[in-house]
Amino acid sequence: MLMTKEQYIESLRQMKTRVYMFGEQVENWVDHPIIRPSIECVGMTYELANDPEYADLCTAKSSYTGETVNRFTHLHQSTDDLIKKVKMLRLLGQKTASCFQRCVGMDAFNAMFSTTYEMDKKYGTNYHDNFNNFLKMVQENDFVVDGAMTDPKGDRGLAPNAQKDPDLFMHIVERREDGIVVRGAKAHQTGCINSHWHIIMPTQAMREEDADYAVAFATPTDADGIYMIYGRQSCDTRKLEEGADVDLGNAQFGGQEALVVFDNVFIPNEYIFMAGEYDFANMMVERFAGYHRQSYGGCKVGVGDVLIGAAALAAEYNGAQKASHIKDKLIEMVHLNETLYCCGIACSAEGQATEAGNYQIDLLLANVCKQNVTRFPYDITRLAEDIAGGLMVTMPAESDFNSDLVVGKNGETVGEICNKYFAAAPSCTTEERMRILRFIENMCLGASAVGYRTESLHGAGSPQAQRIMIARQGNLEAKKALAKNIAGIK
């Protein structure tokens, strides 16, 4: 079944999700002006899946039933599926210029499917069947599922079991015949409030003494004991200003992050996918991280496409589009952006089937992809800000451009003064110039930055996390053997 955008939004209204922001509980969070743009962003994943023009990219045939499902709920069955995933994410980035939030769930599904299979093979557990039944239900209902991996971590120098406060890592506090009780939190959770369910995974490799922290499961977002504290974004309160439009930059779409707290939450047996098998924690982390690092070769490229277009418009509106240095900067932005896309496609094309049967990307190339994503969007952003000019961050408010307050000696209003002195090339109105500059500000510095610049650095792991994996996957011994063979060293 494919859900529509309207059905999705209505389904959120039926939930009892607990959300807190600015020290208060948000009762109608679905229509809250700060939160709603992120819901619209997720809504685009439903709109495109129901559009025949995009059906090939945004839907797939379920490996369980053969029925058409949203690709965000799909298990990758081939390298073609992996490539289509990247292309779909680029398309959504182009349509929203922000974070559409469903990637983490899709990446968690595929990591969980293969890891639970191998866990069951070693221990005779029933986790793989549990997961398959859960994912079938998700596909049938076209649910949004948040993939939650990042624990607050506390003192990074200490293992989970050695923390002063045990809740700084998600852990099992009680084992019952019918399930487990968990306590802790997951931080920086993308799209968590907008999701119907959460999949929880361990955040790092574990040792035997961390067995209670090696836990993975699924739970409804509004389960008893779960609540969320919304994360702030730069310029977020502009959305609360009366009549806000131009100053928002991207008034339609936005990202979402929050702290998700689990206050002694009961998880029934059928939704448990790991409960103490600490030796598989690292496998789950590496596979999820690999899939998610592949994702950035699509979503960040799509958002980059929009930012490049906005920079080109700013140059045109400033009357500088023919300057050679402007042309060269735009070429460099395209070069960097397409290099990211190449990495996303490459790690997909080099994918291989897992023992469980779904397809996994090439882990080395996926980490190279994300390592580039920690750098290139910063250069693209710098060039966009260079082309846009300083007015992007010094321009008066939209209300000043619309003000009727008389200030000039000849009766000019504040609005007339602003429109006069901030006019540029005849190809645009002052308002159009203002709109594109605010849009670039939003993408580079504001609310959309959570889906582009800073998130490019820390999402799916910090730069050092990728470098560790590159060192692990780089196979230096094989490369040394190549050199020895050609150099004649025995």
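Descriptive notes on the structure:
- Solvent-accessible heavy-atom area per residue, rounded to whole Å², over the range 82-173 at 1.4 Å: 34
- Amide H to amide H distances under 5 Å link M274 with A216, where only residues 5 or more positions off or on other chains count and H is placed in the peptide plane.
- Difference of contour (0.36 nm per residue) and Cα-Cα distance, K16 to E242: 78.5 nm
- Here the Karplus relation 6.51 cos²θ - 1.76 cosθ + 1.60, evaluated at θ = phi - 60°, turns the backbone of the range 202-212 into coupling constants of x, 9, 6, 4, 10, 10, 4, 5, 9, 3, 5 Hz, with x for every Gly and Pro.
- The range 65-180 shape via C-alpha gyration tensor axes, a/c threshold 1.5: oblate
- Those trypsin sites (Lys or Arg not before Pro) in the range 276-364 that DSSP places in a loop and that have at most 13 other beta carbons within 10 Å: K322
- Bridgeable lysines around K409 (alpha carbons under 17 Å apart, same-chain partners fewer than 8 residues away excluded): K420.
- Sorted from greatest to least, the principal axis extents spanned by the alpha carbons of the range 306-426 come out as 79, 34, 20 Å.
- Taking 0.36 nm per residue of sequence separation and removing the Cα-Cα distance, the A423/D51 pair yields an extension gain of 129.9 nm.
- Counting charges near A214 (Lys, Arg +1; Asp, Glu -1) among other residues having Cβ under 10 Å from its Cβ returns a value of -4.
- Cβ-derived FRET efficiency at R0 35 Å, Q77 paired with R467, nearest 0.05: 0.65
- When the Cα positions of I489, V181, H325 are compared along the charge dipole of the chain, I489 comes out farthest toward the positive end, with charges on each C-beta of Lys, Arg, Asp and Glu.
- Between D263 and I226, Y227, the built amide H atoms are under 5 Å apart, and every one of these is 5 or more places off in sequence or on another chain.
- Listed values (1) 1.15; (2) 1.01; (3) 0.96 include one computed from this model; for Rg/Rh (Cα atoms, Kirkwood Rh) that value carries the label (2).
- Solvent exposure of the range 355-490 amounts to 52 Å² per residue of accessible area, where only protein heavy atoms count and the probe is 1.4 Å.
- Over 26 Å (Cα to Cα) - which of K16/K153; K5/K239; K87/K239; K61/K95 fall in this group: K16/K153; K87/K239
- Within the accessible surface of the range 115-253, defined with a 1.4 Å probe on protein heavy atoms only, the carbon and sulfur portion equals 43 percent.
- A full extension of the chain between K153 and E338 corresponds to an added length of 63.1 nm, given 0.36 nm per residue minus the alpha carbon distance.
- Under the simplified labelling scheme, the I486-K122 pair shows an inter-label distance of 3.8 nm, with each label point 7 Å from Cα along Cα→Cβ.
- Förster radius 51 Å - calculated FRET efficiency between D328 and D178, Cβ distance, rounded to 0.05: 0.20
- Carbon and sulfur %, accessible surface of the range 271-354 computed with the full protein complex present, 1.4 Å: 57
- Cα centroid separation - the range 367-428 against the range 228-279, whole Å: 29
- Under the span-like rule (Cα at least 24 Å along the axis, Kyte-Doolittle mean at least -1.0), DSSP H helices of the chain: 79-96, 103-123, 281-318, 324-349
- Simple label model, 7 Å out from Cα along Cβ direction - E209 to N475, nm: 3.6
- Of the residues G357, T374, T394, the one whose Cα sits farthest toward the positive end of the charge dipole of the range 344-405, with +1 on the Cβ of Lys and Arg and -1 on the Cβ of Asp and Glu, is G357.
The values are calculated or read from the model by the stated rules, or taken from the named source; none is laboratory data. Keep in mind that this is a model prediction, so the values were computed, not measured. Note that we place each Cβ from the backbone using ideal geometry, even for glycine, and neighbour counts take in every protein chain shown. Heads up: the accessible areas ignore ligands, DNA and RNA and are worked out on the full protein's heavy atoms, side chains in. Shrake-Rupley method; radii C 1.70, N 1.55, O 1.52, S 1.80 Å.
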